[in-house]
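Here's the structure, in structure tokens; my notes come after.
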Amino acid sequence: MMESAISQKLGGVFSASKPFVEFLTQSKWASRMGSADICDFVVGTPHEQAIPEYVEAIRKASVPLRPDWFGYKVNDPQAREIAAEALRQRVGAAFENEDLFLTNGASSALIIALSAILDPGDEVIFLSPPWFFYESMINFTHGNAIQVKVDPQSFDIDVEAVASAITPRTRAIIVNSPNNPTGKIYPPKTLDRLAEVLTTASEKFGKAIYLISDESYNRLVFDERKFSSPTAHYPNSFLIYSYAKALLTPGQRLGYIAISPTMNERAKLRRAVQLTQYNLYAFPDAVHLHALCEIEPLIFDLDRLQRRRDLMAKALLEQGYELQIPEGAWYLLPKTPIPDDVEFAEILAAQDVYVLPGSIIELPGYLRICLTANDEMVQRSLPVFESAIKSFTGKKTVPLATA
Ligand SMILES: Cc1ncc(COP(=O)(O)O)c(C=O)c1O
């Protein structure tokens, strides 16, 4: 018998993200994506024109001024200074330029962080519902992924559950705030309590437990809330950032990993991150780095996103859906009126409204609605959401809105 053409380990390593990847590639949505007829709420990709200043910056940076214009730009000092200065302003901590490593997106930055600190079998805690790829990334970097559920009512971190999940093999926890998919911004009190738990456990087991803070959405904060970086609460932290969220440019790969200035053995970790980055070739494009000075401060119209959140959340609540108002990021997370979220998503899809069934993100009984759809799609979808819920409840009910 012929051996399988693919690695046997793939099934195990990537099994956690398989439902999402299959949805992306094999679902009905996959065959309709890009069609003008559909209302597309599935993933955070743009459905309106890019920020003009972004387009202009990229256009300018695409014209070579020197022979080495498109050459390797690994950790270009000028680009590092621009990104690190913006980070210092935003987070208020004394990151040095050499703490920051620009990468081709937050996902590469996450893999670098995990690769730099994990030995085979080390445990990494991730919070559920998670971003799709955390578990696969932990497995891929030879760690053991340990799932801890957030509080189901508030979506806050269940710090006591985290404490119970820590073992002598725990090496890191991934925290994502503002959160995809819940929209939760973890409050300073929770982060302080988490820091206490991590510090106590690190001391008990005689080795640092790292906090990997995925802050890809840290500029997408609503209602003039304050975002508190988890890295400001705990010394042994990595900060992960993506430019794709504030700019709404996920096809343009740019992000970074920054080592907290309070990190123990910071110099050693800088070298580990650098070595890992080179081995993964996880570098950003030269054009992006030439444009960084102009694109760093840009952000798409957050007020418009907030208006869209408000309009859609209000309409769905009036129609009888239960949902919490997200504090940041760009997702709405209504409960489905029936337990089977896949079936409910199919009912919407039959009328050209596409959302992500919650089961795919470990949240059965919910739908994830991505607010990067445009306003016209939102308007067109509302009667479909209404008729779908009515077909199960028969009449409108107005539940109490939760904060
Ligand atoms: C929470 C979270 N982290 C990381 C990423 C990956 O970001 P990037 O596209 O920069 O790799 C995403 C993208 O959707 C995300 O939602």
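The values are calculated or read from the model by the stated rules, or taken from the named source; none is laboratory data. Not measured: the values here are computed from a predicted model. Counting neighbours? That spans all protein chains shown, and the Cβs are built from the backbone with ideal geometry, glycine included. Side chains are part of the model used for accessible areas, which takes the heavy atoms of the whole protein and leaves out ligands, DNA and RNA. Shrake-Rupley method; radii C 1.70, N 1.55, O 1.52, S 1.80 Å.
Among the listed residues A208, A244, A258, identify the single one that is among the aliphatic types (A, V, I, L, M) and farther than 22 Å from P178 by Cα.
A208
Under 6 Å between Cβ atoms, at least 6 apart or on separate chains: pull out the pairs that start in the stretch 316-332 with a residue that is within 13 Å of the ligand (Cβ to nearest atom) and end on any residue that is among the polar types (S, T, N, Q).
A329/N180; W330/T372
Mind listing just one residue for me: the one in the stretch 86-116 that is more than 16 Å from the ligand (Cβ to nearest atom) and open to solvent by less than 10 Å² (accessible area, probe 1.4 Å) and, of those, nearest to I257 (Cα to Cα)?
Top of the filtered list is D99.
With the condition kept exactly as written, say whether any residue in the stretch 9-32 is modelled with pLDDT under 95, loosely packed, with under 11 Cβ neighbours inside 10 Å and either in a loop (DSSP other than H, G, I, E, B) or charged (D, E, K, R) (or both).
There is at least one residue in the stretch 9-32 that is modelled with pLDDT under 95, loosely packed, with under 11 Cβ neighbours inside 10 Å and either in a loop (DSSP other than H, G, I, E, B) or charged (D, E, K, R) (or both).
Taking the conditions exactly as written (within 16 Å of S242 (Cβ to Cβ) and open to solvent by 10 Å² or more (accessible area, probe 1.4 Å)), does I146 satisfy them or not?
no
If we keep just the residues of the stretch 199-218 that are away from the ligand (no atom under 16 Å from the Cβ) and of a type in the set (V, I, T), which is least open to solvent (accessible area, probe 1.4 Å)?
Out of the qualifying residues, it is I209.
Any idea how many residues of the stretch 168-193 are part of a helix (DSSP H, G or I) and among the polar types (S, T, N, Q)?
Total satisfying the criteria: 1.
Taking the stretch 341-364, which residues are touching a Pro at 6+ places or on another chain (Cβ under 8 Å) and open to solvent by 30 Å² or more (accessible area, probe 1.4 Å)?
Passing the criteria: V342, S359, I360, E362, P364.
Of the conditions (1) more than 16 Å from the ligand (Cβ to nearest atom); (2) open to solvent by 10 Å² or more (accessible area, probe 1.4 Å); (3) of a type in the set (V, I, T), V221 satisfies every one except a single condition; which number is it?
(1)
Scan the stretch 117-136 for residues that are more than 16 Å from the ligand (Cβ to nearest atom) and crowded, with 23+ Cβ neighbours inside 10 Å and jot them down.
I117
Check whether at least one residue in the stretch 259-279 is in contact with a helix residue (DSSP H, G or I) (Cβ under 7 Å, 6 or more places away or on another chain), within 28 Å of T372 (Cβ to Cβ) and among the hydrophobic types (A, V, I, L, M, F, W, C), and report yes or no.
No.
For the structure I just gave you, tell me whether E294 is more than 14 Å from the ligand (Cβ to nearest atom), open to solvent by 50 Å² or more (accessible area, probe 1.4 Å) and over 22 Å from the mean Cα position of the chain (by Cα). Explain how you work it out, then say what you get.
On the way: more than 14 Å from the ligand (Cβ to nearest atom): yes; open to solvent by 50 Å² or more (accessible area, probe 1.4 Å): yes; over 22 Å from the mean Cα position of the chain (by Cα): yes.
Spelling it out, E294 is indeed more than 14 Å from the ligand (Cβ to nearest atom), open to solvent by 50 Å² or more (accessible area, probe 1.4 Å) and over 22 Å from the mean Cα position of the chain (by Cα).
Please count how many residues of the stretch 297-324 are open to solvent by 40 Å² or more (accessible area, probe 1.4 Å) and within 21 Å of V384 (Cα to Cα).
7
State whether the residues of the stretch 120-138 include one that is among the β-branched types (V, I, T) and more than 18 Å from the chain's Cα centre (by Cα).
No, there is no match, as no residue in the stretch 120-138 is among the β-branched types (V, I, T) and more than 18 Å from the chain's Cα centre (by Cα).
Taking the condition of being touching a strand residue (DSSP E or B) at 6+ places or on another chain (Cβ under 9 Å), within 15 Å of the ligand (Cβ to nearest atom) and assigned to a loop (DSSP other than H, G, I, E, B), how many residues in the stretch 224-252 meet it?
Adding up the residues that qualify gives 3.
Could you please let me know if R304 is closer than 25 Å to W69 by Cα and either charged (D, E, K, R) or within 22 Å of the chain's Cα centre (by Cα) (or both)?
no
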